[in-house]
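Everything on this sheet refers to the single structure shown next.
The values are calculated or read from the model by the stated rules, or taken from the named source; none is laboratory data. Keep in mind it's a predicted model, so treat the numbers as computed, not measured. Cβ atoms come from the backbone with ideal geometry, glycine included; neighbour counts cover every protein chain shown.
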């Protein structure tokens with residue numbers, strides 16, 4: 001963000017004990033005209049030439065300042081609506097565009113943008129989140145770690161790494177890159193990708209293993225059913241599909257292991273737990289995945305500036 005280059009202004013603001021300064025504390029350098037000298041011969045630091053441009057326009061006493069119009073902001077979204085503001089999937093993503101300064105203008109005449117850049121994730125399901133737990137079959141239990149690398153609730157997408165230990169003797173630890181479909185406005189409970197090998201009957205059998213899904217069973221059977229406002233619900237349903245091995249993505253098969261299937265996932269937003277059921281036509285049925293969020297002790301994934 002452009003900052004004033006006047007030393008007196010900078011020192012005046014630095015002397016304040018609060019940050020950011022309150023509106024009345026910076027009104028001394030706001031009250032100015034809309035023009036600024038553009039001649040190269042003028043020195044903006046000269047005490048004889050007053051600076052006539054400000055970054056913020058002061059509103060009249062008792063009135064609310066009119067928000068500036070941002071070209072990148074879309075209409076139809078209320079900023080003060082708490083539900084819409086916290087649900088990226090239920091609202092249109094807002095993006096700001098970097099302004100281009102016209103020739104001869106000063107950096108001081110740019111106002112602060114009121115376009116909101118909303119973090120696009122949930123409390124536990126976000127970039128950098130880690131989950132640890134087990135995957136259990138009838139005969140074995142394997143330790144599993146998952147690291148989320150990217151989450152885009154508006155696009156119903158996420159990706160990350162899944163690490164499983166002890167699956168084969170030749171490979172004590174296997175790491176795969178996976179991509180996820182979040183059930184909502186873009187993906188339904190019915191698996192559309194034919195290459196994954198799941199039929200409508202397969203979907204119903206696996207989804208029904210989640211108690212949170214059972215109240216939705218009748219509606220989910222309809223082909224036109226849309227799971228709306230999914231980001232505001234207690235449970236988020238997903239499909240995680242492993243794509244390739246890490247670090248060598250060229251390895252397609254491993255003796256004694258397979259990553260050609262995918263997981264049906266039920267994620268609890270309140271507790272930060274992941275329950276999953278693995279499906280592959282040639283693998284053991286109903287392998288159960290149970291993960292818990294690994295505490296990050298207050299690490300913030302994103303900051304929104306206003």
**Request:** Kindly establish whether residue 216 is at pLDDT 90 or above and either surrounded by fewer than 19 Cβ atoms within 10 Å (Cβ to Cβ) or within 24 Å of residue 163 (Cβ to Cβ) (or both).
**Result:** yes
**Request:** Determine which single condition residue 89 fails, assuming it passes every other condition in (1) touching a helix residue (DSSP H, G or I) at 6+ places or on another chain (Cβ under 7 Å); (2) at pLDDT below 60; (3) in a loop (DSSP other than H, G, I, E, B).
**Result:** (3)
**Asked** Right, residue 168: in a strand (DSSP E or B) and touching a strand residue (DSSP E or B) at 6+ places or on another chain (Cβ under 6 Å) or not?
**Response** no
**Message:** When you scan the stretch 206-214, do you find a residue that is in contact with a helix residue (DSSP H, G or I) (Cβ under 8 Å, 6 or more places away or on another chain) and assigned to a loop (DSSP other than H, G, I, E, B), even just one?
**Reply:** yes
**Item:** The lone exception for residue 223 - which of (1) closer than 20 Å to residue 268 by Cα; (2) free of Cβ contacts under 8 Å to residues at least 40 places away in the same chain it fails
**Value:** (1)
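Here are some residues: 116, 163, 192. Which one is over 25 Å from residue 294 (Cα atoms) and modelled with pLDDT of 90 or more?
Matching residue, one of 116, 163, 192: 192.
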